[in-house]
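Below is one structure, written out as structure tokens; the observations come after it.
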Amino acid sequence: VQLQASGGGLVQPGGSLRLSCKASQFTMAHYATGWFRQATGKEREFVAAISWSVGMTYYRDSVKGRFTISRDNAKNTVYLQMNSLKPEDTAVYFCAAEHLGRGSMTPERYLYWGQGTLVTVSS
């Protein structure tokens with residue numbers, strides 16, 4: 001089971017990025033997928049999640065209205081569209097998967113993790 005996160009980069013405040021999390025060797029529709037982030041010197045924190053099957057979505061308060069998590073079953077990929085980015089969104093972003101998960105905010109619920117992609121928001 002492998003997850004490949006990509007799409008990070010350097011963007012100015014107010015800009016947008018779309019992160020991708022592509023799975024190999026398993027079907028993402030059968031898994032909840034979560035996005036977490038970790039800034040330098042800080043704990044890993046929940047960003048967004050999408051449940052398996054019906055695709056219920058959940059967000060941390062600070063990204064509501066700016067970030068959107070979605071899943072493309074045909075491409076076996078989960079996306080995190082990030083708009084109106086702020087310097088405090090700067091972090092390494094990780095995607096993670098939980099079999100038949102509901103979209104937990106707790107990182108310990110996720111068994112499979114991608115390698116992380118760096119997002120830097122700076123002018």
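The values are calculated or read from the model by the stated rules, or taken from the named source; none is laboratory data. Treat the numbers as computed from the prediction; the structure is a model and nothing was measured. A quick note on method: Cβ atoms are made from the backbone with ideal geometry, for glycine too, and the neighbour counts reach across all protein chains shown. Surface areas here come from the heavy atoms of the whole protein model, side chains and all, with no ligands, DNA or RNA. Shrake-Rupley method; radii C 1.70, N 1.55, O 1.52, S 1.80 Å.
Restricting to segment 37-73, what's the tally of residues that are without any contact (Cβ under 8 Å) to a residue 12 or more places away in the chain and in contact with a His (Cβ under 7 Å, 6 or more places away or on another chain)?
Total satisfying the criteria: 0.
Might you check whether a residue that is free of Cβ contacts under 8 Å to residues at least 12 places away in the same chain and either crowded, with 17+ Cβ neighbours inside 10 Å or over 13 Å from A5 (Cβ atoms) (or both) occurs anywhere in segment 80-87?
First pass over segment 80-87, keeping only residues free of Cβ contacts under 8 Å to residues at least 12 places away in the same chain: none.
No, segment 80-87 contains no residue that is free of Cβ contacts under 8 Å to residues at least 12 places away in the same chain and either crowded, with 17+ Cβ neighbours inside 10 Å or over 13 Å from A5 (Cβ atoms) (or both).
Considering only residues of segment 17-72 that are within 21 Å of Q4 (Cβ to Cβ) and among the aromatic types (F, W, Y), which is farthest from the chain's Cα centre (by Cα)?
My answer is F26.
Looking only at segment 1-24, which residues are modelled with pLDDT under 95 and farther than 16 Å from D72 by Cα?
Within segment 1-24, V1, Q2 qualify.
What pairs come out if I take residues in segment 10-36 that are within 17 Å of T117 (Cα to Cα) and pair them with residues that are part of a strand (DSSP E or B) and of a type in the set (S, T, N, Q) whose C-beta lies under 6 Å away, six or more apart or interchain?
Note: pairs meeting the criteria are L10/T120; R18/Q81; S20/S6; S20/T77; K22/Q4; K22/T77.
May I ask you to list the residues in segment 94-112 that are aliphatic (A, V, I, L, M) and either open to solvent by 20 Å² or more (accessible area, probe 1.4 Å) or in a loop (DSSP other than H, G, I, E, B) (or both)?
Listed by number, the residues that qualify are L100, M105, L111.
With the checklist (1) farther than 20 Å from H30 by Cβ; (2) touching a strand residue (DSSP E or B) at 6+ places or on another chain (Cβ under 7 Å); (3) of a type outside the set (D, E); (4) open to solvent by 50 Å² or more (accessible area, probe 1.4 Å) in hand, flag the one item G116 doesn't pass.
Every condition holds for G116 apart from (4).
Please enumerate the residues belonging to segment 56-71 that are in contact with a helix residue (DSSP H, G or I) (Cβ under 9 Å, 6 or more places away or on another chain) and within 20 Å of G114 (Cα to Cα). Working first, answer last.
Kept after step one, since they are in contact with a helix residue (DSSP H, G or I) (Cβ under 9 Å, 6 or more places away or on another chain), are these residues of segment 56-71: 62-63, 66-67, 71.
Hits for segment 56-71 are F67, R71.
Quick one: which residue in G15, G34 is part of a loop (DSSP other than H, G, I, E, B) and open to solvent by less than 50 Å² (accessible area, probe 1.4 Å)? First the steps, then the outcome.
Working: G34 fails: part of a loop (DSSP other than H, G, I, E, B).
Checking each option against the conditions leaves just G15.
Criterion first (among the hydroxyl-bearing types (S, T, Y), exposed (fewer than 15 other Cβ atoms within 10 Å of the Cβ) and over 12 Å from the mean Cα position of the chain (by Cα)) does S123 satisfy it? Break it down into steps so the answer makes sense when it comes.
Details: among the hydroxyl-bearing types (S, T, Y): yes; exposed (fewer than 15 other Cβ atoms within 10 Å of the Cβ): yes; over 12 Å from the mean Cα position of the chain (by Cα): yes.
Taking the combined requirement at face value, the residue satisfies it.
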